[in-house]
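Have a look at the structure below, then the notes.
Values in this text are rule-based calculations from the coordinates and carry no lab data. The structure displayed is predicted, hence computed values, not measured ones. Note: ideal-geometry Cβ built from the backbone for every residue, glycine included; neighbour counts use all protein chains shown.
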Amino acid sequence: MLQPKRTKFRKQFKGRIHGAAKSGTTLAYGEVGLKAMEPERLSARQIEAARRAIARHTKRAGRMWLRIFPDVPVSKKPAEVRMGSGKGSPELWVARVKPGRIIFELGGVNQQVAKEALILGAAKLPIKCRVVTRIE
Amino acid sequence: MSELITLKATARPRAGKGAARQARRDGNVPAVIYGNQETPETINLEYNELWKQVLRGHFTSTAIELDVQGTKHIVLARDVQVDPVRDTPLHVDFQRVGKDGVIRVSIPMHFVNETQSPGLKRGGVLNIVRHDVEVYCPYDKIPRYFEISLEGMEIGRSIHISAVTMPEGVSPVIKNRDFTIATIAGALKGEEETTTTTAEAGAPAADAKGAAPAAGGKAAPAAAAGKAAPAAKAAPAAKPAAKK
């Protein structure tokens, strides 16, 4: 799964996701893409599941670009632990996604197949997504 | 060659975000006409009419005849600002066509005969470096697209601008080098396997929640020595739960 190679600090604040995406909102590489319509934290596991679903449907033909990276550590306290005693330990890595952000792009694949693959990939994500195509 | 798009517009006396937002609330799209050493004009376009033209394609590579309350302008859409979520137009920039009529415009590339490429048949991938190419051309002779045939293309071959046949009067903006438009790359083998290995390596760390959750080895920063202490605190805290 995706995660940073090294980080300066182990834990981060939770934060909130406000507003729409400012960058990464248009297709940059491929012909078809998957655009997030809701704000959410996408875990590395969810991203990997979506990536695999897309790759499987396209039969690994063409090229896929992942436009997000899970670089935010999320900590959790163990089960049945009383509150206090400091912040929990890092459990997973997430990518903060704002509405409008392109998550995946596909190129070199039949457009119909690419759309189907992206819909399958979107089903692995906890947010509503939309398939976008390049308008010349 | 492209035909002229005709769009009707009304003058927008006030500039700025207040007037622009009011225009959007009224079902219009604010726009501006500039260039040709004349004063810029702020205008409003009818949303539905504009949206239909944008969806039809080739909007930024077709000359447009703008009718601003009787005054006609020959312009080129230089930029369409869109809503980041819904991709609907928010603002359009139009540039007046100069006296000589020659404009700088991006023309999309079309790749044909993909089935006749032995490289693609063997599992190669068409890696498009440039989806469109900037050219100089007369405004009334803008090509709709440039067609590139992939017939007989093997893996490792690349297509350069010199391979594109351009109509008379059309010349690329970049002239000093034969830049690449697309390449046929080999298929990426073992991509799935490598990812699977990474996932397996990460799985035990994620599952081992009980004893030392912080020892997931995920962050592993260089200065981890001092910071392991809070993680160690979590372990004693887990003891009462274990007793139950």
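Below, the figures for the structure above:
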| quantity | calculated |
| --- | --- |
| Stretchable slack from A:I17 to A:W65, in nm (0.36 nm times residue separation minus alpha-carbon distance) | 14.9 nm |
| Rounded to the nearest 20 debye, dipole of segment B:39-171 from Cβ charges on Lys, Arg, Asp, Glu | 300 |
| Cβ-Cβ FRET estimate between B:A19 and B:E65, R0 fixed at 30 Å, reported to 0.05 | 0.75 |
| FRET efficiency estimate (nearest 0.05) - Cβ-Cβ, A:L120 to B:R86, R0 35 angstrom | 0.90 |
| Backbone N within segment A:50-92 under 17 Å of label point (7 Å from A:E38 Cα along the Cβ vector) | A:50 |
| Highest-first arrangement of B:10-16, A:24-30, where packing means the average Cβ count within 10 Å | A:24-30, B:10-16 |
| Projected label distance in nm at B:V102 and B:D26, using a 7 Å step from Cα toward the beta-carbon | 4.1 |
| Angle in degrees between helix A:44-57 and the longest Cα principal axis of chain A, rounded to the nearest 10 | 20 |
| Simple Cβ-charge dipole of segment B:104-186, Lys/Arg +1 and Asp/Glu -1, about Cα centre, in debye nearest 20 | 180 |
| Averaged over A:73-85, number of beta-carbon atoms from partner chains that fall within 10 Å | 4 |
| Dipole-positive endmost among B:I148, B:V164, B:G186 within segment B:104-186 (Cβ charges, Cα centre) | B:G186 |
| Coordinate range along principal axes, alpha carbons of segment B:5-98, Å, largest first | 35, 30, 21 |
| FRET efficiency, B:H110 to B:T6 (Cβ-Cβ, R0 30 Å, nearest 0.05) | 0.70 |
| Rough spin-label spacing in nm, given labels placed 7 Å along Cα→Cβ, for A:Q111 and A:Y29 | 2.1 |
| For A:56-63, mean number of other protein chain Cβ atoms within 10 Å | 3 |
| Relative packing of B:107-116, B:142-151, which averages over residues the other C-beta atoms within 10 Å, highest first | B:142-151, B:107-116 |
| Estimated vicinal HN-Hα couplings, Hz - segment A:119-136 in sequence order (Karplus 6.51, -1.76, 1.60; Gly, Pro = x) | 5, 5, x, 5, 5, 8, 9, x, 10, 6, 10, 9, 8, 10, 10, 6, 9, 6 |
| Intensity falloff of segment B:104-186 expressed as log10 I(q)/I(0), Debye formula with alpha-carbon point scatterers, at q = 0.11 Å⁻¹ | -0.30 |
| Pairs beyond 26 Å (Cα-Cα), from A:K115/B:K17; A:K22/B:K141; A:K5/A:K128; A:K35/A:K87; B:K52/B:K141; B:K52/B:K72 | A:K115/B:K17; A:K22/B:K141; A:K5/A:K128; A:K35/A:K87 |
| Shielding by partners, peptide B:80-86 (average Cβ within 10 angstrom, other chains) | 6 |
